[in-house]
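**Q** One structure coming up, written as structure tokens, with questions to follow.
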Amino acid sequence: PKPQNPKSMNYYYFWVYLKFQFKLNFNLEFQIMASKEEVKQQKIAECKQNIGEFSNMVIQYIDMRVIKRDNKVFVETYGQFQTICDRYECGEQMFEYYKQLLSKFINSRSVPECRKSKFSSKAFINGFANQWKHYTFYLFSILKMFGYLDRFYIKNLGAHGQTLTATALELWSKSVFEKLISDLQSSVNEEIRKERMDETVDFDDVRLGI
């Protein structure tokens, strides 16, 4: 209620003024914070897009042995990656993106391509070995971009941190090896059986499977 006493009126208007200023400052601060968060997410999204384009270049090389090399683009994207990790402390978010890229590669390429080769034991062993080579090539290529996480973000996690390479190997083991191990063992055993039956067998293939 509005007071009638002049002195109380002054206190009343002063209190109203303070409330107004507090609300105004709070709204401005909230808008600034929201704007900063929007800029942060935009910068992270731009960096992810650039890394995704680099990832596609690596895949293009795996498929066609042709790649448009542009060291300037790589250096700029890597610099952008370092900047947003330092400025916005988004190491965890970028680490999750790293795992997404590897999972996408495995689920869209490694597993389907291995299964396409199941028509013969020899073909399956060679197909499995080739997909492993492709995966390691892809891994070592994008590690150049994400290596900053190993040196800072993961290092700061201490005993709870898992290196980028260990994470990649774990993904391959769970998503490919554990799913196809029985097929791989059967293929190796089939090649050994053929050799015992005096059929021609390339033991390089058997060693690949083992």
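The values are calculated or read from the model by the stated rules, or taken from the named source; none is laboratory data. Everything numeric here is computed off the predicted structure, so don't read it as measured data. Heads up, the Cβs are rebuilt from the backbone with ideal geometry, glycines too, and the neighbour counts pull from every protein chain shown. We work out accessible area using only protein heavy atoms, side chains counted, and drop any ligands, DNA or RNA first. Shrake-Rupley method; radii C 1.70, N 1.55, O 1.52, S 1.80 Å.
**Q** Which order do you get for 169, 102, 143 if you rank them by accessible area with a 1.4 Å probe, largest at the top?
**A** Per-residue accessible area, sorted high to low, gives 169, 143, 102.
**Q** What list of ³J(HN,Hα) values in whole Hz, one per residue of segment 88-99 in order, does the Karplus curve 6.51 cos²θ - 1.76 cosθ + 1.60 (θ = phi - 60°) give from phi, with Gly and Pro shown as x?
**A** 10, 6, 10, x, 4, 5, 6, 5, 5, 5, 4, 5
**Q** Starting from the Cα-Cα distance between residue 63 and residue 163, subtract it from 0.36 nm times their residue separation and give me the gain in nm to one decimal.
**A** 33.2 nm
**Q** Using DSSP to define loop residues, name the GluC sites (Glu not before Pro) in segment 44-110 whose beta-carbon has at most 13 other beta-carbon atoms within 10 Å.
**A** 89
**Q** Using a simple spin-label model with points 7 Å from Cα along the Cα→Cβ vector, what separation in nm is obtained for residue 38 and residue 174?
**A** Roughly 3.7 nm, to one decimal.
**Q** Anything over 21 Å Cα to Cα? Flag those among 48/179; 36/72; 118/194; 99/122, in the order listed.
**A** 48/179; 36/72; 99/122
**Q** Would segment 69-123 count as rounded, prolate or oblate if I go by the C-alpha gyration tensor, calling it rounded below 1.5 in a/c and otherwise prolate when a/b exceeds b/c, oblate otherwise?
**A** Oblate.
**Q** If you don't mind, another one. Would you mind calculating the gained length between residue 113 and residue 96 on full extension (0.36 nm times residue separation, minus the Cα-Cα distance), in nm to one decimal?
**A** Additional length available on full extension: 3.6 nm.
**Q** Given the protein chains as shown and a 1.4 Å probe, how many square angstrom of residue 120 are accessible, to the nearest 10?
**A** Answer for residue 120: close to 40 Å² accessible.
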